[in-house]
Amino acid sequence: MNLRLHVFFGQFLWLVSALNGKSFQGVPGYGRNLVIKALPAIEDYQSNVYEVFMEPYLYAPRSAPGLQAIVHLRPDAESGVEGTLIFTQIVPNGPVTVEGNVTGLAPGLHGVHVHQTGAIDDNCNDIGPHFIAYYGRHGGPRDHIRHVGDLGNIKAEEGPVTVKIVDHLISLAGPRSIVGRSLAISKDEDDYGRSSTEDSTMTGTSGPAVACGVIGYLN
């Protein structure tokens, strides 16, 4: 009975603090807002999806509004591809902007994907499949059905590639959070699952990764 009472009292404190937006002294983390994100239904595929999550607890003072994360891309094998990208999300249920520079890419289009794990050692072989969450088929960034990690293509010419992507499906908090996962740049163009092959429906026939890195909070 005592255990149940303690659990009930803890849940009551959490609920009151979440509703009031205030912190209880000596109870770190309480007082953060609950965020509800509604994802619309996709006809003949899935019903409405509702996500309820709490804003992440960040210990360092924030130098910029919202949440920020960073990834340092390093070359796979001897590709020579590297770069740094910054992720910014002003509100936890809003879009994420990805900005930065990538060097060493061959001219042409190259797929950009968030992968399931951040398991990076000497190469990009263990980062797993694309980050899927609720969506089970590969697609382009504007498709209604796509992996959460499908961020489209970037175009390389001569010199560094300036990257700017705005995506409404990835997040820096909650069930679709990409923090702790890996970002990879592919050798080839992503066909957005348009080819009639099994590889196309899984990876967009974009080939192996030429660079990857673990995504971590910046603030």
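Any read-out appearing in this document is the output of simple, stated calculations on the displayed coordinates, not a laboratory observation. Just so it is clear, the structure is predicted and the values come from calculations on it, not from any experiment. Every residue, glycine among them, receives a Cβ derived from its backbone with ideal geometry; neighbour counts consider all protein chains shown.
If each of His144 and Asn93 carries a label point 7 Å out from its Cα toward its Cβ, how far apart are those two points in nm?
Modelled inter-label distance: 2.1 nm.
With each pseudo-label sitting 7 Å past Cα toward Cβ, what's the Glu189-Thr84 distance in nm, one decimal?
Rounded to a tenth, the inter-label distance reads 3.2 nm.
5 Å is the cut-off here: which amide hydrogens, built 1.01 Å from N in the peptide plane, fall below it relative to Gly100, excluding neighbours closer than 5 in sequence?
Ile86, Val163
If you consider only alpha-carbon coordinates, what radius of gyration and Dmax does region 76-219 have, in Å?
14.0, 43
Mind listing P(r) for region 170-213? All alpha-carbon pairs, 10 Å bins, whole percents.
That works out to 28, 36, 34, 3, in percent per bin.
Can you pull the one-decimal nm distance between simple spin-label points at Asp121 and Lys155, each 7 Å off the Cα toward Cβ?
Taking the two extended label points, one gets 3.9 nm.
Which of the trypsin sites (Lys or Arg not before Pro) found in region 174-214 are loop residues per DSSP with 15 or fewer other Cβ atoms within 10 Å of their Cβ?
Numbers: sites: Arg176, Arg181, Lys187, Arg194; in loops: Arg176, Arg181, Lys187, Arg194.
Listed in order of number, the matching sites are Arg194.
What ranking, highest mean first, results for peptides 86-97, 205-216, 118-129 when packing means the other Cβ atoms within 10 Å averaged over each residue? Display every interim value, and only then the final one.
Numbers: 86-97: 18.0, 205-216: 21.4, 118-129: 15.8.
Packing order, densest peptide first, comes out as 205-216, 86-97, 118-129.
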